[in-house]
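Okay, so here's the structure we're looking at.
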């Protein structure tokens with residue numbers, strides 16, 4: 001078990017829990033702008049190409065954006081309810097909104113946008129999340145052309161992990177994975193078995 | 001909906017998801033001792049008597065204890081996978097271990113201990129969590145007398161909420177509850193409907 005990387009363990013967990021819609025939901029903790037912890041459920045949108053980086057989509061008007069721009073440190077807690085496995089994935093989050101100066105990152109944002117269903121893209125056109133509802137008026141019907149690129153509120157988050165704590169409550173095993181970066185900027189992972 | 005308190009919404013969610021073992025699991029975020037966010041799955045152990053305070057049991061040797069003693073701010077993210085409801089519960093955590101000077105709190109800790117099954121109490125006698133496993137030797141069989149009081153590693157956490165964000169993904173409704181304390185130290189909650 002100790003020789004299998006955490007990404008492989010995570011892909012196996014995703015496979016063995018794939019019958020559960022919520023298996024791609026996890027909790028993302030960040031540091032609130034007032035210094036207190038913030039925690040919410042978000043959806044796994046896959047890995048970035050062939051890396052270990054985790055993709056998340058969010059509304060650029062949500063509170064987590066201001067938090068992550070101020071402090072990019074985050075920890076994912078991902079519990080698989082059928083296989084009883086927990087992944088705690090620590091890393092830094094790159095916030096990619098429409099104002100990002102890097103064309104490669106903007107292309108990645110566009111790719112994420114078109115990977116979403118049309119109905120889920122429409123969610124980024126609704127009124128600002130978290131803002132009080134002052135009147136009960138019905139929201140107008142929103143339509144969106146399928147060829148329209150990412151709207152302003154669409155934001156891509158890329159979490160680059162540097163530490164992973166894996167716990168398996170069925171086998172009662174726990175592994176910690178820590179990354180290190182070599183002089184040639186290559187990333188490698190060191191794994192250790194620890195008491196559960 | 002706006003007139004129902006968050007505790008009532010939470011009790012209803014617990015009831016409608018009661019057929020799922022994991023419905024009493026939630027993610028607790030705290031601030032790590034290095035200032036980065038920490039996030040892990042813990043188990044709901046009920047409310048403290050007739051209050052809104054949430055009970056959690058944990059191992060006093062786990063990393064979260066050092067974190068919460070240093071910074072008691074925490075945020076629970078509790079997602080109910082069947083009813084599609086999310087509760088984000090923000091508050092301060094009181095750490096009650098064996099060294100607590102308050103006899104009332106120690107009694108509460110003892111009550112929590114005896115509320116646990118014997119087999120789950122034994123979990124507090126295993127080797128220190130998170131410590132590397134250096135040899136493959138089998139752990140000795142552990143036994144515990146049912147009348148034995150809380151062992152040293154048994155720790156009670158009491159989270160006193162001051163803010164709750166409720167999101168219902170089926171009805172697409174979101175409510176925020178904020179507490180305020182009157183001059184006579186009475187706590188009241190103000191609810192507001194916000195955009196989901």
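Throughout, read-outs are computed from the coordinates displayed, never taken from laboratory work. What you are looking at is a predicted structure, and each value in this text was computed from that prediction instead of being measured. A quick note on method: Cβ atoms are made from the backbone with ideal geometry, for glycine too, and the neighbour counts reach across all protein chains shown.
Is the range B:85-127 best put as rounded, prolate or oblate by its Cα gyration tensor, with a ≥ b ≥ c the root eigenvalues, rounded for a/c under 1.5, and otherwise prolate when a/b is larger than b/c, oblate when not? Because a/c hits 1.5 or more and a/b fails to exceed b/c, the range B:85-127 counts as oblate. Placing a label point 7 Å from the Cα of residue A:142 along the Cα-to-Cβ direction, the distances to the matching points in the other copies come to 5.1 nm, shortest first.
Averaged over the residues of peptide B:77-83, the number of Cβ atoms from other protein chains lying within 10 Å of each residue's Cβ is 4. Here each label is just a point 7 Å from Cα along the line to Cβ, and for residue A:148 and residue B:7 those points are 4.5 nm apart. With the largest listed first and rounded to whole Å, the semi-axes of the equivalent ellipsoid of chain B from the Cα gyration tensor are 32, 19, 17. Highest GNM mean-square fluctuation among B:42, B:131, B:69, for chain B modelled with Cα contacts below 10 Å: B:131.
Computing FRET efficiency as 1/(1 + (r/R0)^6) for residue B:100 and residue A:141, where r is the C-beta to C-beta distance and R0 is 51 Å, gives about 0.30. The Cα trace of the range B:35-115 gives Rg and Dmax of 13.7, 42 Å, the first to one decimal, the second as a whole number. If you bin all the Cα-Cα distances of the range A:131-170 at 10 Å, starting from zero, the percentages per bin are 15, 23, 24, 18, 19, 0. Suppose only helical runs count, i.e. DSSP H with n ≥ 4. What mean residue ellipticity at 222 nm does that imply for chain A under -39500 (n - 2.57) per run, divided by all residues and rounded to the nearest 500 deg cm²/dmol? Helix-only estimate at 222 nm: -5500 deg cm²/dmol.
Take every Cα-Cα pair in the range A:89-196 and report what % of them are more than 18 Å apart. Roughly 68 percent, once rounded to a whole number. Considering only alpha-carbon pairs that sit under 8 angstrom and 6 or more positions apart, the relative contact order computed for chain A is 23 percent. Semi-axes of the equivalent ellipsoid for the protein assembly as shown, computed as √(5λ) from the eigenvalues of its C-alpha gyration tensor and ordered from largest down, come to 35, 29, 18 Å. Counting from the shortest, the label point at residue B:69, 7 Å from Cα toward Cβ, is 3.8 nm from the same position in each remaining copy. Here the gap between residue B:18 and residue B:182, fully extended at 0.36 nm per residue and compared with their Cα-Cα distance, gives a gain of 55.5 nm. Given labels modelled 7 Å from the Cα in the Cβ direction, how far is it in nm from residue A:169 to residue B:70? So the label points at residue A:169 and residue B:70 sit 2.7 nm apart. For the listed peptides B:134-141, B:78-85, a ranking on the average number of other beta carbons within 10 Å per residue, highest first, reads B:78-85, B:134-141. When the P(r) of the range B:1-74 is calculated, the portion above 15 Å amounts to 64% of the C-alpha pairs.
Neighbouring Cβ atoms from other chains, within 10 Å of the Cβ of residues in B:18-31, number 4 on average.
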